[in-house]
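**Student:** Quick one: the structure is below, and I'll ask about it shortly.
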Amino acid sequence: MRVLVTGGAGFLGSHLCDLLVAQDHDVVCLDNFFTGRKSNISHLLGKTNFELVRHDVTDPFKFEVDRIYNLACPASPPHYQYNPIKTTKTSVMGAINCLGLAKRVKARVFQASTSEVYGDPAVHPQPESYWGNVNPIGVRSCYDEGKRCAETLFFDYHRENKVDIRVVRIFNTYGPRMHPNDGRVVSNFLVQALKGENLTIYGDGLQTRSFCYVDDLIEGFLRLMEQEEVVGPINIGNPGEFTMLELAEKTLQIVGGSSKIVHKSLPSDDPKQRKPDITLARKHLKWEPTVALEEGLKRTADHFRQELFD
Ligand code: NAD
Ligand code: UDP
């Protein structure tokens with residue numbers, strides 16, 4: 001198949017491109033390199049079934065493709081808050097451009113949505129039927145509401161224009177090729193520990209997150225895209241739930257060294273807890289995560305060790 005991956009030079013997008021290229025699909029990777037890096041996909045550049053296009057999803061584009069994976073959007077809070085208006089435009093106009101293209105060329109189109117649509121959730125764990133608790137005017141809103149609006153557009157194109165959609169809600173995912181200065185908690189803690197710096201916990205560290213290893217997530221993407229039973233939204237994430245204190249302690253055990261834990265102020269609207277209910281993914285995709293946090297952290301630490309010191 002001919003497959004377009006927007007945001008294909010980013011952390012998740014590059015792993016997805018790897019798998020699609022390995023499966024012999026013709027892959028077009030579209031990216032504006034806001035947070036993506038050429039080094040994430042440089043190993044694919046010589047392949048005859050891989051093309052790289054520098055383009056912004058907020059501007060229309062045309063490709064004759066069978067599948068579109070829409071991943072273009074900065075994902076870490078410091079990056080998406082850097083230019084919040086652009087973040088909303090990327091989610092909303094990117095979705096419109098992908099959906100318009102899917103409609104014209106009759107492609108199946110996949111949206112990388114997020115657990116952030118649940119906001120600071122009042123229901124725990126979060127099933128897809130939960131409508132969320134999102135502040136519409138806070139510092140995280142550009143991302144959360146942008147992604148919520150993108151979901152709305154996907155379902156309206158599906159209802160009104162019969163566009164063939166798939167929508168995944170991704171919970172915190174980590175692994176090799178995360179940007180070392182990305183600002184997300186796993187990369188921050190690992191890089192800090194590897195450099196012998198103090199680990200920065202925001203707030204009391206009792207807030208929880210559920211961390212999915214990238215390989216598990218990408219397998220879930222492919223299963224959702226290529227099955228006919230459901231369009232989503234469907235949660236993909238690892239239900240193992242950890243406080244940030246536990247994550248910091250695990251990181252120190254794995255990396256070793258003499259780093260200490262220090263506390264910094266909690267950013268506003270930081271969700272207190274998050275854990276996916278993956279009943280639907282188990283049922284419809286026969287999917288569940290296979291990589292435990294400790295193993296995934298070891299693999300990611302090895303990656304950062306190489307990137308930072310080799
Ligand atoms: P990332 O920042 O590494 O990747 C995003 C990619 O999109 C980058 O390559 C970036 O350059 C590109 N991009 C950003 N704005 C663009 C624009 N206007 N036009 C074209 N390209 C643009 O982040 P990631 O972790 O790989 O996230 C990928 C997708 O998955 C995002 O849509 C994100 O919202 C979603 N997601 C990720 C997570 C996670 O834990 N990693 C969780 C929930 C949702
Ligand atoms: N966090 C932290 N220290 C850091 C970076 C993040 O304690 O150096 C916390 C952050 O406040 C949040 C959690 O870790 O409670 C996850 O943050 P991340 O930015 O990775 O993702 P998100 O908040 O979008 O789930």
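Derivation of every value follows stated rules applied to the coordinates shown; laboratory data play no part. Bear in mind the structure is a predicted one, so any value in this text is a computation, not a measurement. In this analysis, Cβ positions are derived from the backbone assuming ideal geometry, glycine residues included, and neighbour counts consider all displayed protein chains.
**Student:** How big is the chain by the Kirkwood estimate over distinct Cα pairs, in Å?
**Tutor:** Across the chain, the inverse of the average 1/r is 19.6 Å.
**Student:** Okay, next question. For a test of the definition: using alpha carbon positions, the gyration tensor, and the 1.5 limit on a/c, classify region 201-305 as rounded, prolate or oblate. Could the numbers behind the result be given before it?
**Tutor:** Numbers: a/c = 3.04, a/b = 1.68, b/c = 1.80.
It comes out oblate by the Cα gyration axes.
**Student:** Something else about it: Could you tell me which of rounded, prolate or oblate describes region 125-265, using a ≥ b ≥ c as the square roots of the eigenvalues of the alpha-carbon gyration tensor, with rounded for a/c under 1.5 and, failing that, prolate when a/b is larger than b/c and oblate otherwise?
**Tutor:** prolate
**Student:** Using only Cα atoms and rounding to the nearest 10 degrees, what angle (0 to 90) does helix 185-194 make with the longest principal axis of the chain?
**Tutor:** 50 degrees
**Student:** Sort region 66-208 into rounded, prolate or oblate with this rule: let a ≥ b ≥ c be the square roots of the eigenvalues of the Cα gyration tensor; rounded if a/c is under 1.5, and if a/c is not under 1.5, prolate when a/b is larger than b/c, oblate otherwise.
**Tutor:** Prolate shape, in that a/c is at least 1.5 and a/b is the bigger ratio.
**Student:** Output the 0 to 90 degree angle, nearest 10, between the alpha-carbon long axis of helix 11-22 and the longest principal axis computed from the alpha carbons of the chain.
**Tutor:** Around 50 degrees separate the two axes.
**Student:** Quote the relative contact order of region 39-148 in percent (integer), defining contacts as alpha-carbon pairs under 8 Å separated by 6+ residues.
**Tutor:** 28 percent
**Student:** Of all trypsin sites (Lys or Arg not before Pro) in region 161-218, which ones are in loop regions per DSSP and have a Cβ with at most 13 other Cβ atoms within 10 Å?
**Tutor:** Here the trypsin sites (Lys or Arg not before Pro) that fit, given the DSSP loop and packing criteria, are K162.
**Student:** To continue, here is another question. May I ask you to list the chymotrypsin sites (Phe, Trp or Tyr not before Pro) in region 1-48 that are in a DSSP loop and have at most 15 other Cβ atoms within 10 Å of their Cβ?
**Tutor:** Listed in order of number, the matching sites are F33.
**Student:** Right, another one. In a shell of Cβ-Cβ distance under 11 Å around Y213, excluding Y213 itself, what net charge do Lys and Arg (+1) and Asp and Glu (-1) give? Don't jump to the answer; show the numbers that get you there.
**Tutor:** Numbers: positive: K298, R299; negative: D215, D216, E219, E294, E295.
Overall, the nearby charge balance is -3.
**Student:** What number comes out for the charge environment of R67, summing +1 per Lys or Arg and -1 per Asp or Glu over other residues with Cβ under 12 Å away?
**Tutor:** -1
**Student:** Tell me which chymotrypsin sites (Phe, Trp or Tyr not before Pro) from region 123-200 have a DSSP coil assignment and no more than 15 other beta carbons within 10 Å of their own.
**Tutor:** W131
**Student:** Which of T88, T152 comes first, and how do the rest follow, when ranked by fewest Cβ neighbours within 10 Å?
**Tutor:** T152, T88
**Student:** When the helices in the chain are scored as -39500 (n - 2.57) per DSSP H run of 4 or longer and the sum is shared across all residues, what 222 nm value do you end up with, to the nearest 500 deg cm²/dmol?
**Tutor:** My calculation for the chain gives -12000 deg cm²/dmol from helical runs alone.
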